[in-house]
1. Using mean Cβ contacts within 10 Å as the protection proxy, how do 304-312, 91-99 order, highest first?
2. ³J(HN,Hα) across region 348-357 via Karplus (A = 6.51, B = -1.76, C = 1.60, θ = phi - 60°), whole Hz, x for Gly/Pro?
3. Leaving out same-chain residues fewer than 8 places away, which lysines sit with a Cα under 20 Å from that of LYS162?
4. Please give the Cα centre distance for region 197-240 versus region 251-288, rounded to the nearest Å.
5. Compactness ratio of region 12-103: Cα Rg over 2.2 N^0.38 Å, N = residue count?
6. Please work out how much length the chain gains when fully extended from LYS171 to VAL307, using 0.36 nm per residue of separation minus the C-alpha to C-alpha distance, in nm with one decimal.
7. Please give me the summed charge of the neighbours of VAL226: other residues whose Cβ is under 12 Å from its Cβ, Lys and Arg +1, Asp and Glu -1.
8. Would you please give the residues with an amide H less than 5 Å from that of LEU196, counting only those at least 5 places away or on a separate chain, with H modeled from the backbone geometry?
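Read the figures in this text as sums done on the coordinates, not as results from a lab. Predicted model, so just to flag it, every value in this text is computed and none were measured. Quick reminder, even Gly has a Cβ in these numbers, built from the backbone with ideal geometry, and neighbours come from all protein chains shown.
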Amino acid sequence: MTAATPHPASPVVAVVGGGQLARMMAPAAAELGVRLRVLVEDPSTSAAQVVVDAPVGAASDDAAIRDLIAPADGRPAADVLTFEHEHVPNALLADLIDHGTPVRPGPEALVHAQDKIVMRRRLTALGVPCPRWTALPSDPAAAREALAGFLAGTADGEAVVKTARGGYDGKGVRVVRGAEEADDWIAAHLDGGPELLVEDKVPFTRELAVLVARRPSGEIRTWPVVESIQRDGVCAEVIAPAPDLSAGEAEEAREVAVRIAEGLDVTGVFAVEMFETTGPDGARHVLVNELAMRPHNSGHWTIDGSVTSQFAQHLRAVLDLPLGSTAPVARWTVMANVLGSSLERLTDALPAVGERVPDAHVNLYGKGVRPGRKLGHVNVCGEDLAEVRRRATTAAALLRGESPETSQED
Ligand code: AIR
């Protein structure tokens, strides 16, 4: 070890992606004495504003990722490589592992969060409850025919066509009533675009999510099951724990999430988005919708509402440290997203938020304002769910530049 190596005892976690999820790892890293090194898209991005060691480069650039983990100028090599989004080159990751850098989650797990066809096949093999689905063939005529056949088998003539790769937050997902409504995507696939799959449009009663942390040694923990409320395909609110959830249903949801985490050998924090369905007999069950292999919006409540936040837990998990308690610290925590804003500077709303909702935990991401963009969130904890929810949505409305009287509360 050279004398020039700074703080040689501190573990270094390298993160690909410089958005809000990497940004929110920074306070957790500081508390744990862990050094973050984040590959950011540009020097002004969300994480680059708070992380000192933030080289600029693209997630698709193999050389940039190799540089991120390599020692340089007295700077130590990274102890582990992880991610804050799933758009990363898997072949490179396998090579990095072969050359001695742990990559968590590993590429063989990650592919299930990158490719929805691979994910559905694997979950089906694991016996995990999923919506009815099929992959569409590449040949356009055959794809149309398969889609028409699938639609004919639905209860109400509607189905959901998805691109296997590249979509998130409602992108790459389309509800169709006729096979021709996917023609542009079918043509795009022939042109080198992503493969397509079609799924039943599930008549769900609500959406649930289970957040899991798993470390390489196999230790696994789940947080309480949450309800997530989506608007226009984007998470708007999360209620932790999900109200009116029977012990049996919570156990079923957790068991499904753990079965996937273990079956796919996931390491780090992992989110399973689920549909809750209610059968004619009133029995409620879950179907798996999507997987995310990273900290997730459905887990932002844990920053203020759980003993261990998902960001601290992700760092512990990828470093193979014992996991922290996932117990809630309040009866209820509600997270309300700030999706777009009429304010140029969201911080201009802080005086009003401080006056109206002094117990709001505000978390702003330092991002440029665009309509519908995730710019921040607010957590409120407390005993009375209706009041907690009202306070969280009021604070989020103020940060969107609305007067709370006109805020959307449903
Ligand atoms: N993200 C990653 N996968 C899904 C989401 N929402 C987070 C990551 C990423 C950021 O959203 O933190 O860097 C990108 O946000 P935007 O607003 O630039 O698209």
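1. Values: 304-312: 23.8, 91-99: 14.2.
The most tightly packed comes first, giving 304-312, 91-99.
2. 4, 8, 4, x, 5, 4, x, 6, 7, 9
3. Excluding near neighbours in sequence, the set is LYS116, LYS171, LYS201.
4. Measuring centre to centre over Cα atoms gives 8 Å.
5. 0.98
6. Numbers: separation 136, 0.36 × 136 = 48.96 nm, distance 3.31 nm.
So the extension gain works out to 45.7 nm.
7. That works out to -3.
8. Under 5 Å from the amide H of LEU196: LEU136, ALA164.
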